[in-house]
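Student: Below you will find the structure I want to go over with you.
Every number here is computed from the coordinates shown, using simple stated rules; none is lab data. Since this is a predicted model, take the numbers as computed values, not measurements. Cβ placement follows ideal geometry from the backbone for every residue including glycine, while neighbour counts extend to all protein chains displayed.
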Amino acid sequence: MGVPGPFPAGWDAYFRSAGRVWSNVTANLAAPGFEVVSADPDVWLWDAYRDFPDSDRPLVAVVHEAPIESEGVSAAMVARTDAIGRLVCDRAVRVVTCSSASRERIADRYGIVRERIDVAPYGVDLERFVPEGPVATAQVRAAGGDDRPYMLFVGTVMPRKNLPLLRRAMEDLPSHQLVLVASPAFDRESTELLAEAVRPIGGKHVANLSGIDEDGLVALMRGASVLCLPSSSEGFGLPVVEAMACGTPVVVSDRGSLPEVVGEGGIIVPPTSEDLVAGLREALRRREELAPKALRQARTFTWARTATLMRRSLATALGLDPASAGTGH
């Protein structure tokens, strides 16, 4: 099988999750009967967000999600994504995406029959994202936070992430501070959304540790009372799985992929201020009960499983028995 090389310099700065997904998947793809090569493969596994290879070999395209205008995505981003969707329909033998919710949305948006779309949920590094280890209390203080326990948000500040909703909820939870690992909205040049994200709440500073390294992120997740992602939609929600692997309860909206990813490992609520406040309070109250459930749920998501499911899609594209792709755990 053939795969594209690393993303161009700077790509991960805007597409943190997608870049990390690709590196973890490609690291696990090789298996008996499946050799990873850079040229003249039998079949390509290709990230659809880059130009397709100049090749007549069958191609399986990885499409993460399909954003739409109603979620505040910029018109330029929607146009680019729709252009990708049309190319996928024309070029790819099969499409791989990360959740059942994303499969439904891609099929509806781009007119791809569901039978051509395979689901390969993303994974988590279960050797790195673990409950045991240091926490990031000192880093939070150094970024302007205080000594209160904290709720954590990890992601871009694109409107669909619903960070303003979480900020409003925090006004009703003065016992906790909000800590962010927030990146700019990559679909626009303006930094207004990021400036609004870090505005003080109740006169208290909101710490943003954007750019923290992987070990620091793990420490932040371990130390958080709750990780909250109240998005209006998500293709997957990688930070949610990473937090659960650290034994940290999560509170998410009942939209997109989040309910299927969280399962019984967290609190799922409608994305309204009242429901989010209630969900955060419930997570705090049930933290000891939710932590082991979060761990169990997170451990069902491995990169080996992701790679196996993608190999099965590649085998199908070649007309082979998907069972020949082996198993992953």
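Student: Residue by residue through segment 239-257, note down the ones that are under 19 Å from residue 20 (Cβ atoms) and either basic (Lys, Arg) or buried (at least 24 other Cβ atoms within 10 Å of the Cβ) (or both).
Tutor: Selection gives 240, 241, 242, 243, 244, 245, 246, 248, 250, 257.
Student: All but one of (1) exposed (fewer than 15 other Cβ atoms within 10 Å of the Cβ); (2) closer than 23 Å to residue 81 by Cα hold for residue 159, so report the exception by its number.
Tutor: Here residue 159 clears every test but (1).
Student: Ok, one more. So which residues in segment 280-329 are part of a loop (DSSP other than H, G, I, E, B), buried (at least 20 other Cβ atoms within 10 Å of the Cβ) and out of contact with any helix residue (DSSP H, G or I) (no Cβ under 8 Å at 6 or more places or on another chain), if there are any at all?
Tutor: 302
Student: Something else about it: In this structure, does residue 266 turn out to be in contact with a helix residue (DSSP H, G or I) (Cβ under 7 Å, 6 or more places away or on another chain) and under 18 Å from residue 102 (Cβ atoms)?
Tutor: No: the conditions fail for residue 266.
Student: How many residues does segment 244-263 contain that are more than 14 Å from residue 231 (Cα to Cα) and β-branched (Val, Ile, Thr)?
Tutor: Total meeting the criteria: 1.
Student: Sticking with this structure for a sec: Of (1) crowded, with 22+ Cβ neighbours inside 10 Å; (2) at negative phi; (3) out of contact with any helix residue (DSSP H, G or I) (no Cβ under 8 Å at 6 or more places or on another chain), residue 88 satisfies all except one. Which?
Tutor: (3)
Student: Now a separate question. Select from segment 209-218 the residues that are in contact with a helix residue (DSSP H, G or I) (Cβ under 7 Å, 6 or more places away or on another chain) and buried (at least 19 other Cβ atoms within 10 Å of the Cβ) and list them in ascending order.
Tutor: Hit for segment 209-218 is 209, nothing else.
Student: Within segment 181-199, take every residue that is hydroxyl-bearing (Ser, Thr, Tyr) and over 17 Å from residue 162 (Cβ atoms) and give me the one that is surrounded by the fewest Cβ atoms within 10 Å (Cβ to Cβ).
Tutor: This residue is 190.
Student: Oh, and also: Quick one: count up the residues across segment 256-272 that are assigned to a loop (DSSP other than H, G, I, E, B) and either on the phi > 0 side of the Ramachandran plot or within 14 Å of the chain's Cα centre (by Cα) (or both).
Tutor: 3
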